[in-house]
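*Asks:* Following this message is one structure expressed as structure tokens.
The values are calculated or read from the model by the stated rules, or taken from the named source; none is laboratory data. Predicted, not measured: the structure shown is a model, and the values here were computed from it. Neighbour counts run over all protein chains shown; Cβ positions are idealised from the backbone, glycine included.
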Amino acid sequence: MNNIKTIFFDYDGTLHDSMKIYMPAFIKAYEYLVLNKLAPKRTWTASDIKVFLGQNPKEMWESFRPKLDSDTIKTVSRIISNSMEEDINSSKAVLYEGSIQVLQYLKSKGYKMVYLSNSKNYYMEAHQKNFNLGKYFDKLVCSEMYGFIPKKQILELIKNEFPGEMVMIGDRIHDMESGYHNNIHTIACDYGYGSQEELKDAELHIQDIRDLLHIL
């Protein structure tokens with residue numbers, strides 16, 4: 001990792017402790033489905049819900065409730081989006097301890113840094129405003145900007161804007177595949193929301209975002 005010039009960062013489960021705002025938003029949306037007899041009543045745990053984090057919205061609904069019609073998906077998506085945006089704007093979103101410290105350090109070292117998230121535009125923009133992410137990142141990219149195509153394809157489209165060598169840092173299979181597909185280094189965040197199986201082929205593993213202070 002000594003020659004790294006550009007760092008691509010996943011956001012949820014890597015820098016941002018997403019479950020703080022995603023879990024209550026998800027439960028609100030599920031309650032709507034139950035109320036309208038579109039899903040059975042059930043109790044959700046954090047472990048049940050975390051599997052959806054890191055997926056883009058299209059993937060999430062296809063894996064969660066593939067038989068929902070498009071109008072219902074729009075409604076429940078809006079419930080989730082409105083809930084999370086309200087919580088972000090109310091400063092309820094929480095970054096992992098040390099995230100800002102690490103971003104400041106890497107910026108001071110002269111790395112080019114890119115925010116690359118499987119999210120909607122509003123989500124990225126709200127976080128950018130709340131945490132002043134533009135202060136650290138040279139470019140902020142989310143999947144809605146590219147029609148929700150796979151993250152590995154987005155990275156392929158933007159990587160030539162930046163100097164090599166490069167590393168992709170994230171906590172889900174989408175992040176690791178982005179690195180493998182684009183022939184760049186990978187660092188897996190074992191503290192995030194991915195399984196050991198998803199992350200097993202990463203070059204390096206970290207247990208805390210602050211581990212990057214000793215790697216890069």
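*Asks:* Can you say whether E125 is assigned to a helix (DSSP H, G or I), modelled with pLDDT of 95 or more and within 14 Å of the chain's Cα centre (by Cα), as far as the supplied structure shows?
*Replies:* Values: assigned to a helix (DSSP H, G or I): yes; modelled with pLDDT of 95 or more: yes; within 14 Å of the chain's Cα centre (by Cα): yes.
For E125, the condition - assigned to a helix (DSSP H, G or I), modelled with pLDDT of 95 or more and within 14 Å of the chain's Cα centre (by Cα) - is met.
*Asks:* Just need a number here: residues in segment 54-105 that are surrounded by 14 or more Cβ atoms within 10 Å (Cβ to Cβ), charged (D, E, K, R) and assigned to a helix (DSSP H, G or I).
*Replies:* 4
*Asks:* Identify, by number, the condition in (1) at pLDDT below 95; (2) farther than 21 Å from N2 by Cα that G164 doesn't meet.
*Replies:* Of (1) at pLDDT below 95; (2) farther than 21 Å from N2 by Cα, only one is false for G164: (2).
*Asks:* In segment 1-16, how many residues are crowded, with 19+ Cβ neighbours inside 10 Å and of a type outside the set (V, I, T)?
*Replies:* Keep residues of segment 1-16 that are crowded, with 19+ Cβ neighbours inside 10 Å, which gives 4, 6-16.
Filter again for of a type outside the set (V, I, T), leaving 8-13, 15-16.
Summing the residues that are crowded, with 19+ Cβ neighbours inside 10 Å and of a type outside the set (V, I, T) in segment 1-16 gives 8.
Yes/no matrix, rows are residues, columns are (1) outside any helix (DSSP H, G or I); (2) surrounded by fewer than 21 Cβ atoms within 10 Å (Cβ to Cβ):
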| residue | (1), (2) |
| --- | --- |
| L157 | no, yes |
| N160 | no, yes |
| G164 | yes, yes |
| M176 | no, no |
| G192 | yes, no |
| E198 | no, yes |
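*Asks:* Among the residues of segment 193-213, how many are modelled with pLDDT of 95 or more and under 16 Å from S99 (Cβ atoms)?
*Replies:* The qualifying residues number 8.
*Asks:* Give segment 128-146 a look and list any residue that's touching a Ser or Thr at 6+ places or on another chain (Cβ under 9 Å), among the hydrophobic types (A, V, I, L, M, F, W, C) and in a helix (DSSP H, G or I), or say none. I'd like the intermediate steps shown before the answer.
*Replies:* Start the filter on segment 128-146 by keeping residues that are touching a Ser or Thr at 6+ places or on another chain (Cβ under 9 Å), which leaves 130-131, 138, 140-144.
If we keep only those that are among the hydrophobic types (A, V, I, L, M, F, W, C) too, we end up with 131, 140-142.
Residue satisfying the conditions is F131 alone.
*Asks:* Taking interchain pairs and intrachain pairs at least six residues apart, which have beta carbon atoms under 7 angstrom, with the first residue in segment 47-72 and closer than 21 Å to I154 by Cα and not assigned by TED's automatic domain parsing to the domain that holds D175 and the second among the hydroxyl-bearing types (S, T, Y) and modelled with pLDDT under 80?
*Replies:* Listed by first residue and then by second, the contacts come to Q55/S63.
*Asks:* Among the candidates K58, K67, K5, single out the residue that is touching a Phe, Trp or Tyr at 6+ places or on another chain (Cβ under 8 Å) and modelled with pLDDT under 90. Even if it seems obvious, please write down each step before you answer.
*Replies:* Working: K67 fails: touching a Phe, Trp or Tyr at 6+ places or on another chain (Cβ under 8 Å); K5 fails: modelled with pLDDT under 90.
The conditions single out K58.
*Asks:* What's the number of the condition N121 fails, among (1) crowded, with 22+ Cβ neighbours inside 10 Å; (2) under 18 Å from P57 (Cβ atoms); (3) touching a strand residue (DSSP E or B) at 6+ places or on another chain (Cβ under 8 Å)?
*Replies:* All conditions pass for N121, except number (1).
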